[in-house]
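Novice: Structure provided below as structure tokens; questions to follow.
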Amino acid sequence: MHSNASEAPAYQTPAPLSADAQDALKIVVVGGFGVGKTTMVGAVSEIRPLSTEEVMTEAGVGIDDPSTVRSKTTTTAAFDFGRITVTDDKILYLFGAPGQERFWFLWDQLFAGSLGAVVLVDPRRLEDSWYAVDRLEAHGMPFVVAINRFEPGPGLAALRDALSLPDEVPLVECDARSRDDCKTVLISLVRHLNDLYALSPAREGTP
């Protein structure tokens, strides 16, 4: 799937927010080390993303494990930030969380004020995503799971079973380098949030 990915966007002067923009939604992208979170934020953001990527050095030996992502030479030390306009009145602010275990303490701060999350998964390393799924479920935050396809592999039904995902959690495929794919993932999350809020008893009767 990645062989057909489009080139990374060339960022220009960001367009001003629409005067009709009313809803600003904070979304967090989480997942294991090296699954493509920084790539996703950069691919879909309409502004040049803020990134805290640092070159991996010997200081990370014995702490970070790059053995499964040998081409990775940088790592997110805090978070990535981007913005995307979904509709004239709906803006998403994206925060990519660091994947290394030593930075997991930052996740609660990124979760604060977030309405939902994307769990980005490398299907070759499903076990690296279990913590993210468990953490979001414990936090009570709605999320969707996006399978970042690097090569042919198990279908979505098999992956849902392997991740023990309930049927109500959306599961989609994407190429984290593709702006269109990443937009589809975010739209899936927005629809999921709309469905949840529409069904929430706490919202019934709200003026």
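Novice: Of a type outside the set (Val, Ile, Thr), more than 20 Å from Leu25 (Cβ to Cβ), at pLDDT below 90 and open to solvent by 60 Å² or more (accessible area, probe 1.4 Å), is that true of Phe103?
Specialist: no
Novice: Now for a separate question. Output the number of residues of the stretch 148-182 satisfying the condition of being of a type in the set (A, V, I, L, M, F, W, C) and under 27 Å from Gly113 (Cβ atoms).
Specialist: 8
Novice: Now for a different question. Picking from Val86, Val30, Val61, Val118, which residue would you name as being over 23 Å from Leu165 (Cβ atoms) and at pLDDT 75 or above?
Specialist: Exactly one of Val86, Val30, Val61, Val118 is over 23 Å from Leu165 (Cβ atoms) and at pLDDT 75 or above, namely Val86.
Novice: Can we say Ser129 is at pLDDT below 95 and within 14 Å of the chain's Cα centre (by Cα)?
Specialist: yes
Novice: For the stretch 106-139, which positions are open to solvent by 50 Å² or more (accessible area, probe 1.4 Å) and either in contact with a Cys (Cβ under 7 Å, 6 or more places away or on another chain) or assigned to a helix (DSSP H, G or I) (or both)?
Specialist: Within the stretch 106-139, Asp108, Gln109, Arg124, Glu127, Asp128, Trp130, Tyr131, Asp134, Glu137, Ala138, His139 meet the criteria.
Novice: With the requirement that a residue be part of a helix (DSSP H, G or I), open to solvent by 20 Å² or more (accessible area, probe 1.4 Å) and in contact with a strand residue (DSSP E or B) (Cβ under 8 Å, 6 or more places away or on another chain), what does the stretch 140-191 give you?
Specialist: Leu156, Arg160, Asp181, Lys183, Thr184, Ile187, Ser188
The values are calculated or read from the model by the stated rules, or taken from the named source; none is laboratory data. From a predicted model like this one, the values you see are computed outputs, not experimental measurements. Because the Cβ atoms are built from the backbone with ideal geometry, glycine has one as well, and the counts that use them run over all protein chains shown. Surface accessibility is based on the protein's heavy atoms, side chains included, excluding ligands, DNA and RNA. Shrake-Rupley method; radii C 1.70, N 1.55, O 1.52, S 1.80 Å.
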